[in-house]
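Structure, as structure tokens:
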Amino acid sequence: MNERNNKMKLLKSAPIPKALIALGIPIMIGMLINALYNLVDAYFVGGLGERPMGAISIVFPLGQVVVGLGLMFGNGAASYLSRLLGQGDRDTADKAATTALYSSVIIGVIIIFFTTIFLKPILTLLGATDTIMPYALIYARIYIVSCIFNVFNVTMNNIAASEGAAKTTMCALLFGAVLNIGLDPVFIYVLDMGVAGAAIATAISQFVSTLVYLIYILRKKSAFSFCIHAFKPSKQIYAEILKIGVPTLTFQLLTSLSIALINRASSEYGDAVIAGMGAVTRVTSMGTLIVFGFLKGFQPIAGFSYGAKHFKRLREAIKISLLWSTIFCVATGLLMALFSAQIISQFANGNIEMISIGKKSLFANGFSFFLFGFYTVYSSLFLALGKGTKGFILGACRQGICFVPVILLLPKICGIKGILYAAPIADIISAIITLFMALQLHRELTAAESSTRYEN
């Protein structure tokens, strides 16, 4: 009970810097380790050559689509749960959390089943060449099935974050990531299993993370019971979950689409270009996941404060989150830009063409990463406040609304340079759109705060 009260105190009254550190840093560390093992995965597979590296780059967006189901129910529920806890409605919060978790697993099983049936044509659509396809099939058949654990983990990640259980989320991510880093070289090289070994190592690691969350549930550490009797798939609960969850899923689908479009555009220039751009995706995702992890601590504070009508606290949380995330993004972006050649060479196994392509793209992405914290804070904020449509628009800007037209048109005009610089151009456009939407949001918050003072 004391643990639950401490979580509520963090959301309700703890100083904002302390609350952000307590809620955001553990999840950020977990995300950092999670991103690191994605990089390590690519590093070890990269040692097998450009085709295996190209294969995991092709499969990556497919896995993200499946995981998007966990985000749809988890992130959708998290926003709703934070607001319910802020309003003191524990009973509805318990039903919403349980319904979200069970629904994500059921639908995840169905989607994974049909994905495995149509796996080869799907990989073809994602840009797999004839030379990459055999490796992609081997990796995907294992990896996609294991994604059911990740669907569960991602859903629980968001639910746990909504109640302030940041340390549990960190431990779940940490145990799985460290295990994956240790198992990768064993399965890939010692047991000589190649890309299949990489997929098996990932599957085992995801299962261990699932066990951490199951222990958390069974030991009744959560504010939610997750009992079968609390599974209440009502219209109201689904409406609240999906109004945030669907935009989140759409964002995830657009992210996968953007990677697939890069892979398809790159396939015209050979396997080395696919592998090079795949390495860039893995490196930049390390930075983005850290920011997302930190903002998982910001979202419940924002949602709780908004639900409780503590507008001064909400504004302070926004201001500090913007400052901290921007400092991180500038520092990380400079590292990516200034050391682009050295970073990409770690995944290229001496492939000169792959290094040449990757370093140019990473250099440009490094400078545009300066803007990532700014528009991600606001896209997360809109979702935390229950403003799903606006949150969707901002989330979709970088990966869809702005990116898709750029990646479809620019390569036709500029050739391979259009592939390298599509994402940075989309980043700049997204930041401009975010600025106008942020100004409008602050006007709305000012009006709501004035209305609350008048009522009191």
Legend entry - Of residues in region 123-159 being hydrophobic (A, V, I, L, M, F, W, C) and over 22 Å from the mean Cα position of the chain (by Cα), the one farthest from residue 238 (Cα to Cα): 132
Legend entry - Subset of region 402-416 [in contact (Cβ under 8 Å) with a residue 24 or more places away in the chain and either open to solvent by 60 Å² or more (accessible area, probe 1.4 Å) or of a type outside the set (A, V, I, L, M) (or both)]: 402, 403, 408, 411
Legend entry - Residue that is farthest from residue 157 (Cα to Cα), among those in region 121-133 that are open to solvent by 60 Å² or more (accessible area, probe 1.4 Å) and modelled with pLDDT under 90: 130
Inset, instruction - Name the one entry in 399, 440 that is of a type in the set (S, T, N, Q) and surrounded by fewer than 17 Cβ atoms within 10 Å (Cβ to Cβ). - result: 440
Inset, instruction - Go over the candidates 279, 308 one by one and state the one that is surrounded by fewer than 24 Cβ atoms within 10 Å (Cβ to Cβ), modelled with pLDDT under 85 and farther than 22 Å from residue 157 by Cα. - result: 308
Inset, instruction - Find the residue count for region 107-120, including only residues that are within 22 Å of the chain's Cα centre (by Cα) and open to solvent by less than 50 Å² (accessible area, probe 1.4 Å). - result: 3
Inset, instruction - Could you please find all residues in region 229-259 being in contact with a Gly (Cβ under 6 Å, 6 or more places away or on another chain) and of a type in the set (Gly, Ala, Ser)? - result: 245
Inset, instruction - Kindly establish whether residue 366 is in a helix (DSSP H, G or I), in contact with a helix residue (DSSP H, G or I) (Cβ under 6 Å, 6 or more places away or on another chain), surrounded by fewer than 20 Cβ atoms within 10 Å (Cβ to Cβ) and of a type in the set (Gly, Ala, Ser). - result: no
Inset, instruction - Restrict the check to region 211-219 and report whether at least one residue is part of a loop (DSSP other than H, G, I, E, B) and either open to solvent by 10 Å² or more (accessible area, probe 1.4 Å) or under 23 Å from residue 39 (Cβ atoms) (or both). - result: yes
Inset, instruction - Read through the list (1) touching a residue at least 40 places away in the same chain (Cβ under 8 Å); (2) farther than 23 Å from residue 246 by Cβ; (3) surrounded by fewer than 22 Cβ atoms within 10 Å (Cβ to Cβ), then give the number of the only condition that residue 422 fails. - result: (3)
Inset, instruction - Kindly establish whether residue 164 is among the small types (Gly, Ala, Ser), surrounded by fewer than 22 Cβ atoms within 10 Å (Cβ to Cβ) and either more than 26 Å from residue 289 (Cα to Cα) or modelled with pLDDT under 80 (or both). - result: no
Inset, instruction - Considering every residue within region 44-62, establish whether at least one is assigned to a helix (DSSP H, G or I), modelled with pLDDT of 80 or more and more than 23 Å from the chain's Cα centre (by Cα). - result: yes
Inset, instruction - Identify, by number, the condition in (1) among the hydroxyl-bearing types (Ser, Thr, Tyr); (2) open to solvent by 10 Å² or more (accessible area, probe 1.4 Å); (3) in a helix (DSSP H, G or I) that residue 104 doesn't meet. - result: (2)
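For (1) under 16 Å from residue 105 (Cβ atoms); (2) modelled with pLDDT under 80; (3) under 19 Å from the mean Cα position of the chain (by Cα); (4) not polar (S, T, N, Q), each residue gets a yes or a no:
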site	(1), (2), (3), (4)
196	no, no, no, yes
208	no, no, no, yes
211	yes, no, no, yes
222	no, yes, no, no
230	yes, yes, no, yes
244	no, yes, yes, yes
247	no, yes, yes, yes
254	no, yes, yes, yes
Legend entry - Matching residues in region 265-276 - criterion: being among the hydroxyl-bearing types (Ser, Thr, Tyr) and open to solvent by less than 20 Å² (accessible area, probe 1.4 Å): 266
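The values are calculated or read from the model by the stated rules, or taken from the named source; none is laboratory data. Nothing here was measured: the structure is a model prediction, and the numbers come from that model. All Cβ positions, glycine included, derive from the backbone under ideal geometry; neighbour counts span all protein chains shown. To get the accessible areas, we keep the full protein, side chains included, count just its heavy atoms, and leave off ligands, DNA and RNA. Shrake-Rupley method; radii C 1.70, N 1.55, O 1.52, S 1.80 Å.
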